[in-house]
Structures are given as C-alpha cells and as structure tokens.
Amino acid sequence: MLPDSFLSSAAALAVSLVPVLFFLLALVLLDGYQLVRLRTVGGLLLQGAASALAALVIHRVLLSYVALDPSQLARYVAPPLEELLKGLAVLVLVRRHRVGFLVDASICGFAVGAGFAAVENLQYFLALGDPRLAIWLVRGFGTAVMHGGATALFALCLKSLGDRHQSARLWTALPGLLLATLFHSAYNHAFLSPAVSMTLLLVVLPLSFAWVFRASERATKRWLGVGFDTDTELLEALQSGRVSGTRVGNYLAALKGRFAPAVLVDMVCLIRLHLELSIKAKGMLLAREHGFELPPDPAVEDHWRELAFLERSVGRAGLLAMQPIFNLSTRDLWQVYYLGRR
C-alpha cells in the first residue's frame, strides 16, 4: 500500500499540471474546423517548456548578480521577460503564415503558455516539496491558466494586427506583448486574494474564448463564401482569355514598359496558380464545415514547385508590382501552407 505522503504529493502534482492541459485539450476539440493539428500543439508545448527553462536560468542570474528583490522580479521583470520568451514561438508561426484564423492563434498561444506553466509548476513543486493541496490548486487553476491566457492574448493581438495590415512585421507584436505583460504583472501583484483571482480567471477566460471562437467562426464563413466566389470569377476570366477587359488585365498592360514580356506572362501564371490553390483550400474547408474530409491532392506537390519557380522568375520587384491587383493577405498565404501540409 502506498504511503499517504506519496499519495498527497501525487495529487498535488496532478492538480498543478492537469487543469491547464485539460483546458488546452478542450480548446482544440471545440474548434469546429480542427485546423491546429495535435502534432503542432505538442511542438508548441515543448517550446513553451523550453521558454520556462530559459526564464528559470535568467531569473537565477538576476537574483544572484543583480540587487533585485524576489517580489520586484515577480511583478516587474518576470512578466515582460516571460511573455517575450513565450511569444517568440507564436511570432515565428505567424510570420511563417502557419496560423490562418484568430481561433488558431488563441490555441497556439495557449499551448505555448501551457507548456511554460507545466515546467514552472514542476520546478516550484520540486523546490518547495509542500504537498498541501490548496497551494497547487491555486497554481494549477490560477497561475498556469494565467500563463496560457496571457500568451493567447498576445497571439490574438498579433494575428489581428497582421491580418489588418496584411503583414506580420515585428512591430505588430508590440501591442500584444504589452497587453500580455500588463495582464501577467497585474496577476503577480496579487491585488486580489489567490482564490478570488483564480475564480475570476476560470470565469472570464472561458467566456472570452467562447466569444473569440464564435466571432472567428462567423468571419471564417464570411471569408469562405465571398472569397470563393471572387476567386472563381477571376480564375474563369483568366482561363477564358477575357483577362484584358478586367482590372487585372488593365494593370498588367500598364506594366508592359517596366517588365519583360516573359515576366508578365509569369505574373499571369502566378495569379492563376494562386487562385487555383486558394479555391482548392477553400473547398476543403467548406467540405470540412459540412462534415466531409477530402483526401489529399497528390498534385499539390507539383503546384508547390511551380509556385516557387514562378515567384523566383517574377522576382521581388515583380511581386511588389503585383500587390495592387493581387494583394496576398496573410490568410491567402496560409492557404498554400494548409494545402502543402496535407
């Protein structure tokens, strides 16, 4: 029979780790489109864990070599440092167009925060060696969920600004980093009792995620409907040879003096290929929305190679010149990645 001390320690450790991971699993399962794969979630958990280890090393250096009080560290230094370390993984995903929608951003952000929180709570558990359940209830349902929520907030702001400005530049990360830092710092200031803070988190955070999920689902359906029709009309014009009478044809005609004829032809081919991939990706999402899972298209690999060749042929100047007529948003670029990973 196991000793009571071992059972108490096991229960305390479980309470400190399980809630945030269960919360993350619920977010993944509640996503109607299921666009964030479990493999991606696992990788983000590991990156969050690595961020926690890096933060632990930096904290120890600061406490050892800088005249810094632990309370000052927790309130003013740890929040910006930890949110920056956690946010890097999300920033890389968004800049590489691996995140399509706000709900995906929130799941990815929470996954990084959950990995960070799991390692941090494990480190605290090993350091304190205190099996009292009340402590780990607060850390498991409060602090750990706070870490996930803060990084999800950063990811939402980053993705929202990136979509609005059609670019995931570094400056778009600053507002989200500031908000996540303020949220984290306010929690660490302990203006309210730990139990009250934990309760507020467990009430406000699920409601906030429910609102984000609903708003994102509406925006996704609207984007799928309008985008599918627009892409189809333009592709039909290109395939039928009626492009000369469209705004695309008029703009390309104005570029004749700036680019060689072969480059202009490649521009048309690049637009056509992006439209074909966009329609294919939207079709897969529409099918998934209605409960059908389409098999991967074996021709996608060839399309990827052709796409890369055309982009090199057109060149950076050509791609910039195409923006007024074919502005590739972050979501449009995500579609190409979505098709290629299948």
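The values are calculated or read from the model by the stated rules, or taken from the named source; none is laboratory data. All of these numbers come straight from a predicted model, not from anything done at the bench. Ideal geometry is used to build each Cβ from the backbone, glycine not excepted, and the neighbour counts take in all protein chains shown. Note: accessible area is taken over every heavy atom of the protein model, side chains too, but ligands, DNA and RNA are not part of it. Shrake-Rupley method; radii C 1.70, N 1.55, O 1.52, S 1.80 Å.
Within region 1-14, residues that are at pLDDT 55 or above have Cβ atoms under 6 Å from residues that are open to solvent by less than 50 Å² (accessible area, probe 1.4 Å) in these pairs: 12/136; 13/125, counting only partners at least 6 apart in sequence or on another chain. Candidates are the residues of region 100-135 that are modelled with pLDDT under 95, under 20 Å from residue 53 (Cα atoms) and among the aromatic types (Phe, Trp, Tyr); the one that is most open to solvent (accessible area, probe 1.4 Å) is 124. Output yes when any residue across region 55-63 is in contact (Cβ under 8 Å) with a residue 60 or more places away in the chain and either exposed (fewer than 13 other Cβ atoms within 10 Å of the Cβ) or in a helix (DSSP H, G or I) (or both), and no when none is. The answer is yes; a qualifying residue exists. Please work out if residue 34 is out of contact with any strand residue (DSSP E or B) (no Cβ under 7 Å at 6 or more places or on another chain), assigned to a helix (DSSP H, G or I) and farther than 22 Å from residue 118 by Cβ. Answer is no for this residue. The residues of region 90-121 that are assigned to a helix (DSSP H, G or I) and out of contact with any helix residue (DSSP H, G or I) (no Cβ under 7 Å at 6 or more places or on another chain), listed by number, are 92, 95, 104. Here's a check for you: in region 227-263, which residue that is outside any helix (DSSP H, G or I), open to solvent by less than 90 Å² (accessible area, probe 1.4 Å) and out of contact with any Leu (no Cβ under 8 Å at 6 or more places or on another chain) is modelled with the highest pLDDT? The residue in question is 260.
Of the residues making up region 139-161, those that are basic (Lys, Arg) and open to solvent by 10 Å² or more (accessible area, probe 1.4 Å) number 1.
Answer yes if at least one residue in region 90-99 is of a type in the set (A, V, I, L, M), at pLDDT 95 or above, open to solvent by 40 Å² or more (accessible area, probe 1.4 Å) and within 22 Å of residue 162 (Cα to Cα), and no otherwise. No, region 90-99 contains no residue that is of a type in the set (A, V, I, L, M), at pLDDT 95 or above, open to solvent by 40 Å² or more (accessible area, probe 1.4 Å) and within 22 Å of residue 162 (Cα to Cα).
One residue is enough: does region 266-277 have a residue meeting the conditions surrounded by fewer than 14 Cβ atoms within 10 Å (Cβ to Cβ) and either at pLDDT 70 or above or charged (D, E, K, R) (or both)? No, region 266-277 contains no residue that is surrounded by fewer than 14 Cβ atoms within 10 Å (Cβ to Cβ) and either at pLDDT 70 or above or charged (D, E, K, R) (or both).
Per the listing 73, 84, 68, the residue uniquely over 13 Å from the mean Cα position of the chain (by Cα), surrounded by fewer than 24 Cβ atoms within 10 Å (Cβ to Cβ) and not in a helix (DSSP H, G or I) is 68. Out of all the residues in region 203-226, which are more than 22 Å from the chain's Cα centre (by Cα) and either surrounded by 14 or more Cβ atoms within 10 Å (Cβ to Cβ) or modelled with pLDDT of 85 or more (or both)? The one that is more than 22 Å from the chain's Cα centre (by Cα) and either surrounded by 14 or more Cβ atoms within 10 Å (Cβ to Cβ) or modelled with pLDDT of 85 or more (or both): 203.
Selection of region 31-49 for residues being surrounded by 16 or more Cβ atoms within 10 Å (Cβ to Cβ) and hydrophobic (A, V, I, L, M, F, W, C) yields 35, 36, 41, 44, 45, 49.
Contact annotation: no residue pair with Cβ atoms under 7 Å, 6 or more positions apart or on different chains, pairs a residue in region 33-50 that is over 13 Å from residue 106 (Cα atoms) and in contact (Cβ under 8 Å) with a residue 60 or more places away in the chain with a partner that is surrounded by fewer than 19 Cβ atoms within 10 Å (Cβ to Cβ) and among the β-branched types (Val, Ile, Thr).
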